[in-house]
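Report on the structure given below.
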Amino acid sequence: LRQRMDLSTVEMNYIADSILVNCRPDGRDNLQYRTFNLKLSVLPSTFGSAHLQFPSDGNQIYASIKAEVVKPLKNAADEGIVQFYVDSTHEGKKLSYDESNRCKDEIISTLESMLISSAGLNKKLLCLQPGAFCWKLDIDLLVFQMLSLAHIDAYANAIRAALADTLLPSIKIFFNSNTKCNDFEIGEDLLTISQLSKKEVDLPYIVTLGYVKGSFVVDMTQEEFITIKHKTVIS
Amino acid sequence: YILQGQLMKYQEQISLEGLRLDGRRPGELRKVICSIGMHDSANGSAICEMGCTKVMALVDGPKQLIQKEESPVGKLTCSIFMTNFSTSQHKDNPKRQMKMRDFAQVVKSTFESVVRLDEYRMSQIDIQIIVMQNDGGYKSAAINAASLALIDAGINMKDILVSTTAGFIEGKCCLDLLYSEEKKEGCSTMICYAPAKGLLSHVNVISPKMSTPLLSETIENAITGCKSLYTILKNYIKEHMLTKYCLLYTSPSPRDATLSRMPSSA
């Protein structure tokens, strides 16, 4: 990950020392998260949405989920499709077009690998009829700050909240005699994803842990993220 | 917008009682909710929600303009950003940005007539508009949000710009069109109105054919709508200013009142 902010060695030492003393520059403990406000269902035309706001640094994240019924991919006939899109309003201010694209791809691939799995959001749950119909979820993130991997915890939280808020209509599949093939009809009930899959679906949390000389750090800011050399991302 | 009337199923736009698709009378505006100043990192920010249409505007500036030649007036830049989830169908970005550049030029020129750029020599003011939800009239909501954000940023303006759409549906002039109404009729007008001076700043007409008397009637109705919208926006601005800042009149004539920013007392 290329450094987007250049920190001098003095600043890095200051941050490292503050972590060892268990008092970070903004006053938090090492294992303390920032306070945030979370609002659900903020976007009316989406199936599920969440607005995550950090009052301390003014960062805002909108996560929205839109769904449509499509034909599944040929090599994964019994799975649904999930696609991530990440956008920032601060594009092009300091980074070049290639770098911002690379950053977006990194974030998307990290989110995909962490959240879509058999333990997380199982794509098989989105299948309506193998080989014929499945749900396609478009998960969008709109971030009001420069994109960075440091905030991936927050992105995952926003997506998790939006998924918990999602209500998908029930689909009935029947044989249409006019077109001589299977067709679907949108039912009247609205189901949450847990109800759709008939079992509890919980999206995993993502935690980025940093390690400095014996102390662990959680929920890092951008400066701390650059300073700390050893980081793991766990979902 | 091209009329797709032949292909679409016939749907009554105005029912027998005279109500539109969402239960409004023809001359009624949608519910307007504004939040001003929610974004700390930008100098000025505002969200304007007209019904389901939600548009956010961020204003950055005035900041230093790096330019070789000296210009007597400041520079106003505008960028529009449309999210993937703004319309009912999910769309990817690239195609939209081409259309957005035209609208950005429109917004820029509209606000250049209102913002006192001669007081901001060698400075640049950036307006960034983010369309989050488009349920018809996103251009109007964008201009309203940008006006509010400029006020929040404390930019010197001659007047506030208020905007709304209007069009003819089944022979009746309707205000504040929905997305389905815009698409169906293919005939809509958007006007930007400056209430204090009573002048029109910008008129945008999208119609295959509209006769001149109909057009003038549409514009008149739209101006009435803008006036009522102005009172709504004024209340929001007053509320915001009184809760956060103190009002300060720096000019002798109250008409050219400049709303300056004072540090918020704890």
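Looking only at region A:127-167, which residues are of a type in the set (A, V, I, L, M), more than 14 Å from chain B (Cβ to nearest Cβ) and more than 15 Å from the chain's Cα centre (by Cα)?
A:LEU128, A:ALA132, A:LEU167
Count, please, the residues in region B:140-159 that happen to be buried (at least 24 other Cβ atoms within 10 Å of the Cβ) and not hydrophobic (A, V, I, L, M, F, W, C). Show your work before the answer.
Step one: of region B:140-159, the residues buried (at least 24 other Cβ atoms within 10 Å of the Cβ) are B:140-150, B:152, B:155.
Within this subset, residues satisfying the condition of being not hydrophobic (A, V, I, L, M, F, W, C) are B:140, B:144, B:147, B:152.
Counting residues in region B:140-159 that are buried (at least 24 other Cβ atoms within 10 Å of the Cβ) and not hydrophobic (A, V, I, L, M, F, W, C) gives 4.
Quick one: what pairs do we get from region B:61-86, first residue on the phi < 0 side of the Ramachandran plot and away from chain A (no Cβ under 14 Å), second of a type in the set (S, T, N, Q) and part of a strand (DSSP E or B), C-beta under 6 Å, 6+ apart or different chains?
From residues that are on the phi < 0 side of the Ramachandran plot and away from chain A (no Cβ under 14 Å), the pairs are B:PRO62/B:SER123; B:LEU65/B:SER123; B:LEU65/B:GLN124; B:GLY74/B:SER123; B:LYS75/B:GLN124.
Which residue is surrounded by the fewest Cβ atoms within 10 Å (Cβ to Cβ), if the candidates are limited to region A:41-66 and must be more than 9 Å from every other protein chain (Cβ to nearest Cβ) and under 24 Å from A:THR110 (Cα atoms)?
A:PHE54
Out of all the residues in region B:8-36, which are modelled with pLDDT of 85 or more and open to solvent by less than 30 Å² (accessible area, probe 1.4 Å)?
B:ARG30, B:VAL32, B:CYS34, B:ILE36
For region A:67-92, give me each residue that is facing chain B (nearest Cβ under 8 Å) and either assigned to a loop (DSSP other than H, G, I, E, B) or aliphatic (A, V, I, L, M) (or both).
A:THR89
The values are calculated or read from the model by the stated rules, or taken from the named source; none is laboratory data. For clarity, every value in this text was computed on a predicted model and none was experimentally measured. Cβ atoms come from the backbone with ideal geometry, glycine included; neighbour counts cover every protein chain shown. Quick note on the areas: whole protein, heavy atoms, side chains included, nothing else; ligands and nucleic acids left out. Shrake-Rupley method; radii C 1.70, N 1.55, O 1.52, S 1.80 Å.
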